[in-house]
Amino acid sequence: MGTSRDYQTQGVILKQTKLGEFDKIITIYTPEFGKLRAVAKGACRPKSKLGGNIEPLTHSLMLLAKGRNLDIVTQSQTINGFLALKNDLWRMARALYILELIDAFTIEGTESRLLFELLLGSLHQLSEPDSNETALRYFELHLLHYLGYRPQLRRCVTCDSPLKPVINFFSPAKGGLICPACNSEENSRYEQSDTIATKPSFPLSVQALKVLRLWQSCDYVTSRRVKVKPGLSRELEQTLCEYIRYIVQRELKSLTWLKRLGKENVSL
Ligand SMILES: [Zn+2]
């Protein structure tokens, strides 16, 4: 029988690391507690009952016991092992990118049910046979929104005037678009100064702006109706990746892998 020190939660396993010879520390994203780290004792033993239920990219139901530092997983049961993702390198790379983003953007103990639903929904969407890059872009845009980084795509972040349907400029540091007039002013200031390390903005096409605005405010099913050509798809990917890289201040490991796989796919 459980005690008051036991509690049950569902969650998606984001990652695991070895602890000593037989144990593992797992990082889980849960609806009730947000990100949570827990110890899975004996998980490395060949006959461990925890085994596959605590592998990354698994949706599990777990029983945990309060520990002095980290809580301890005492029982676990797989709800969805996402085999369609694990059995396909390309899909797995995309799914691991989503897990790494959740890990990079969240801190332990901050609950967000919406983020949990976005994570779980995106893993299901990536499992669909016809899923494509839209699922990743949709995830990125909504992750940014839930965590307070929603890019400003309606008004210039410098002068606040409504943006016109022309080429505008995306500024990761300012979290949104700059109108052409403000951008050329800022660029001339940038060229005169040698203290700013990175170029402050890059151009964004009218088409990319339209798609980003729509995806920011629609549901996933609607987002799938937009037909995105390869050139536009790359532009959308680069825009959001630049912004995310600016926020997390590093290159994501899974993204490097995803890009390498993408190149190999193109060369086939
Ligand atoms: Zn402006």
Q) Which members of region 52-70 meet the condition of being closer than 10 Å to I13 by Cα and assigned to a loop (DSSP other than H, G, I, E, B)? A) E55, P56, L57, T58
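When you scan region 197-204, do you find a residue that is surrounded by 15 or more Cβ atoms within 10 Å (Cβ to Cβ) and more than 16 Å from the ligand (Cβ to nearest atom), even just one?
Filtering region 197-204 down to residues surrounded by 15 or more Cβ atoms within 10 Å (Cβ to Cβ) leaves 200-201, 204.
Going one step further and asking which of them are more than 16 Å from the ligand (Cβ to nearest atom), we end up with none.
There is no residue in region 197-204 that is surrounded by 15 or more Cβ atoms within 10 Å (Cβ to Cβ) and more than 16 Å from the ligand (Cβ to nearest atom).
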Q: Only residues in region 140-169 that are in contact (Cβ under 8 Å) with a residue 12 or more places away in the chain and among the small types (G, A, S) count as the first member; pair them with residues that are open to solvent by 10 Å² or more (accessible area, probe 1.4 Å) and within 12 Å of the ligand (Cβ to nearest atom), Cβ under 7 angstrom, at least 6 apart or cross-chain, and list the lot.
A: S161/R155; S161/C179
Q: Could you list, in sequence order, all residues of region 170-183 that are more than 10 Å from the ligand (Cβ to nearest atom), free of Cβ contacts under 8 Å to residues at least 60 places away in the same chain and open to solvent by less than 50 Å² (accessible area, probe 1.4 Å)?
A: S171, G176
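Does R68 satisfy the criteria of being among the basic types (K, R) and over 18 Å from L261 (Cβ atoms)? Talk me through it step by step, then tell me what you get.
Values: among the basic types (K, R): yes; over 18 Å from L261 (Cβ atoms): yes.
Spelling it out, R68 is indeed among the basic types (K, R) and over 18 Å from L261 (Cβ atoms).
If a residue must be charged (D, E, K, R) and surrounded by 14 or more Cβ atoms within 10 Å (Cβ to Cβ), how many such residues does region 214-236 contain?
So in region 214-236, the residues charged (D, E, K, R) come out as 219, 224-225, 227, 229, 234-235.
Of the ones still in play, those that are also surrounded by 14 or more Cβ atoms within 10 Å (Cβ to Cβ) are 224, 234-235.
Number of matching residues: 3.
If we keep just the residues of region 42-64 that are of a type in the set (G, A, S) and open to solvent by 20 Å² or more (accessible area, probe 1.4 Å), which is farthest from N132 (Cα to Cα)? Full working, then the answer.
We begin by selecting, within region 42-64, every residue of a type in the set (G, A, S); these are 42-43, 48, 51-52, 60.
Filter once more, keeping what is open to solvent by 20 Å² or more (accessible area, probe 1.4 Å): 48, 51-52.
Details: S48: 36, G51: 31, G52: 27 Å.
Taking the candidates together, the pick is S48.
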Q. Within region 139-165, can you find the residues that are open to solvent by 90 Å² or more (accessible area, probe 1.4 Å), under 28 Å from L118 (Cα atoms) and within 13 Å of the ligand (Cβ to nearest atom)?
A. R154, R155
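The values are calculated or read from the model by the stated rules, or taken from the named source; none is laboratory data. A quick note: this is a predicted structure, and the numbers were derived from the prediction, not measured. Cβ: placed from backbone, ideal geometry, glycine included. Neighbour counts: every protein chain shown. Areas reflect the complete protein model, heavy atoms only, side chains present, ligands, DNA and RNA absent. Shrake-Rupley method; radii C 1.70, N 1.55, O 1.52, S 1.80 Å.
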